1. Checking Arg311 against (1) among the basic types (Lys, Arg); (2) in contact (Cβ under 8 Å) with a residue 60 or more places away in the chain; (3) over 28 Å from Lys226 (Cα atoms), which test does it fail?
2. Regarding Arg398, is this residue basic (Lys, Arg) and either over 26 Å from His215 (Cα atoms) or not in a helix (DSSP H, G or I) (or both)?
3. Any residue at all in segment 389-396 that's more than 24 Å from the chain's Cα centre (by Cα), surrounded by 19 or more Cβ atoms within 10 Å (Cβ to Cβ) and free of Cβ contacts under 8 Å to residues at least 60 places away in the same chain?
4. Suppose we keep only residues that are hydrophobic (A, V, I, L, M, F, W, C) and at pLDDT below 80 within segment 1-41. Which one would you say is farthest from Ala183 (Cα to Cα)?
5. Which residue, of Leu520, Leu528, is surrounded by 17 or more Cβ atoms within 10 Å (Cβ to Cβ) and either in contact (Cβ under 8 Å) with a residue 12 or more places away in the chain or out of contact with any Pro (no Cβ under 6 Å at 6 or more places or on another chain) (or both)?
6. Please pick out the residue among Ala362, Ala400, Ala380, Ala351 that is buried (at least 19 other Cβ atoms within 10 Å of the Cβ) and either within 22 Å of Pro237 (Cβ to Cβ) or touching a residue at least 12 places away in the same chain (Cβ under 8 Å) (or both).
7. So in segment 357-395, with the set limited to residues that are aromatic (Phe, Trp, Tyr) and assigned to a helix (DSSP H, G or I), which one is farthest from Met496 (Cα to Cα)?
8. Within the set of pairs 6+ apart or on separate chains, which have a first residue in segment 314-328 that is not assigned by TED's automatic domain parsing to the domain that holds Met274, a second that is aliphatic (A, V, I, L, M), and C-beta atoms under 6 Å apart?
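The values are calculated or read from the model by the stated rules, or taken from the named source; none is laboratory data. None of these values were measured; they are calculated from a predicted model. Every residue, glycine as well, gets a Cβ built from its backbone with ideal geometry; the counts of neighbours run over all protein chains shown.
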Amino acid sequence: MTDIDARLRDDVHLLGELLGNTIRDQYGEAFLAKIERIRQGAKADRRGTTGEELSAILDALGDDEVLPVARAFNQFLNLANIAEQYELIHRREEGQPQPFEALVLPQLLARLLAEGHDPESLARQVSRLEIELVLTAHPTEVTRRTLIQKYDAIAEQLAAQDHRDLTLAEKSEIHQRLQRLIAEAWHTEEIRRTRPTPVDEAKWGFAVIEHSLWHAVPHMLRKADKALHAATGLHLPLEAAPVRFASWMGGDRDGNPNVTASVTREVLLLARWMAADLYLRDIDKLAADLSMQQASAQLLAAAGDSAEPYRAVLKQLRERLRATRNWAHTALQSTQAAPPEVLQDNRELLAPLQLCYQSLHACGMGVIADGPLLDFLRRAVTFGLFLVRLDVRQDAARHASAMTEITDYLGLGRYEDWDEDARLSFLMRELNNRRPLLPGYFKPGADTAEVLATCREVAAAPGASLGSYVISMAGAASDVLAVQLLLKEAGLERPMRVVPLFETLADLDNAGPVIERLLLLPGYRAHLQGPQEVMIGYSDSAKDAGTTAAAWAQYRAQEALVNICREQGVELLLFHGRGGTVGRGGG
């Protein structure tokens with residue numbers, strides 16, 4: 001522990017010294033000395049002095065010095081936090097033979113086997129596991145993305161300098177890189193000058209994938225595969241994706257008029273562009289590795305007359321990825337239809353990779369197949385052609401308002417004035433009616449037009465690019481059917497997960513009866529075509545009823561939903577919408 005504390009002090013001292021160099025370069029030695037006097041005065045104040053010396057120094061600061069002084073201490077605290085986080089991670093790793101996360105799955109599998117579970121069924125259940133993590137844009141992250149990336153790079157350099165047997169020249173080079181990174185952070189604006197747009201928020205989410213998740217997913221799946229094989233003798237199948245990712249950025253229009261149908265279309269295209277670009281970066285490295293000549297008959301047939309069949313097959317895929325990226329870029333400015341070479345289905349991405357993988361194993365080169373090619377395959381299965389599944393969210397009141405305008409126009413009365421039975425009768429009748437509800441010349445108001453335009457974008461987008469259509473402030477079965485009818489009217493022919501979000505205390509208490517009524521409606525399950533998904537709201541329920549009362553209501557709602565779906569023989573999928581400061585670990 002003493003060695004670790006000493007190492008932390010050394011790291012903080014080094015980072016502080018490099019920050020001081022940066023400040024000296026901009027403001028001079030005298031200004032840096034003034035900051036040091038403030039620091040020493042603050043230390044003396046903590047030891048119980050009157051603080052008069054510190055107050056005198058601060059009072060003497062000029063107007064043009066206050067901000068740089070505040071920034072200096074803020075930046076120093078940021079750097080100290082980076083060093084402390086790095087040391088905490090390494091303290092944990094040094095205290096045990098393996099990181100904590102590397103022990104969880106092996107220990108769980110060992111316990112389940114000891115309880116008598118069959119290895120094959122256990123492996124099958126792990127392979128079927130699918131956890132969907134949803135990226136959202138929330139104002140709780142105030143640090144700019146560019147600074148987060150620089151802070152990550154600083155932590156990487158702290159790790160690099162801990163390597164044993166570094167030469168003096170190598171240590172000097174690491175310190176130079178640290179100096180450069182700290183200078184870059186110091187001279188970067190810490191606060192955004194303009195409010196980020198929904199597209200900016202989506203790009204932030206893509207950057208999280210690019211810089212973190214893209215590398216973490218295959219690493220995590222390697223550990224899961226190793227643990228599964230050690231426990232059961234079976235490997236994680238190539239097509240398994242225990243973790244997938246969705247996003248609300250560019251799809252969450254609840255209370256945000258800036259998220260329009262055109263924004264959703266743009267974000268979907270940007271996701272396709274980013275996915276193709278990331279695969280293109282990896283495929284060049286992969287082709288450099290797969291220079292082998294021996295291949296299976298199937299691969300040779302796909303490669304044609306080539307002395308390097310693996311590279312030939314990957315070249316074909318690379319050209320299609322390039323065409324996909326180019327088309328996605330062009331489609332951002334036009335409505336140009338995708339040419340035939342553009343990849344449209346995840347199977348088109350996976351097929352050549354699986355062919356290479358199977359050929360390598362068949363030819364006795366499994367050690368090569370299970371290298372970067374397997375990582376590429378794991379990414380392709382997890383992220384697909386669309387990177388993330390985009391969820392769409394809108395308030396139930398907006399759908400009810402749109403339905404009111406529609407029924408008013410058709411001379412049927414005002415939908416919002418009908419009771420629940422009348423709404424359900426009308427909605428089920430129209431859902432089962434093959435004719436359109438609206439004539440082509442219907443000219444709705446702006447709000448209804450936007451709801452209908454969003455539904456048309458959902459209908460036009462590839463199914464694999466979308467996740468759920470979430471209805472916030474849902475409180476009745478008709479809230480779900482109204483969305484299903486609007487999507488049908490927009491031309492949606494494939495199944496779409498329409499998810500009620502129960503987020504007030506009253507709605508949580510009523511969640512079970514609402515879902516039970518839905519499941520008992522004649523014909524509803526034909527539209528369901530899969531599990532019944534329900535979202536539990538954490539943030540708004542806590543604001544509505546308080547943290548403790550909300551937590552109890554959330555538990556009761558989930559218990560009721562599980563029992564009802566079990567009785568009805570329907571699989572239940574719970575979407576946990578953990579938000580707010582408490583849900584994120586704050587106060």
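1. All conditions pass for Arg311, except number (2).
2. yes
3. Scanning segment 389-396 turns up no residue that is more than 24 Å from the chain's Cα centre (by Cα), surrounded by 19 or more Cβ atoms within 10 Å (Cβ to Cβ) and free of Cβ contacts under 8 Å to residues at least 60 places away in the same chain.
4. The qualifying residue farthest from Ala183 (Cα to Cα) is Met1.
5. Leu528
6. On the way: Ala362 fails: buried (at least 19 other Cβ atoms within 10 Å of the Cβ); Ala400 fails: buried (at least 19 other Cβ atoms within 10 Å of the Cβ); Ala351 fails: buried (at least 19 other Cβ atoms within 10 Å of the Cβ).
Checking each option against the conditions leaves just Ala380.
7. So the residue we want is Tyr357.
8. Every condition considered, no pair remains.
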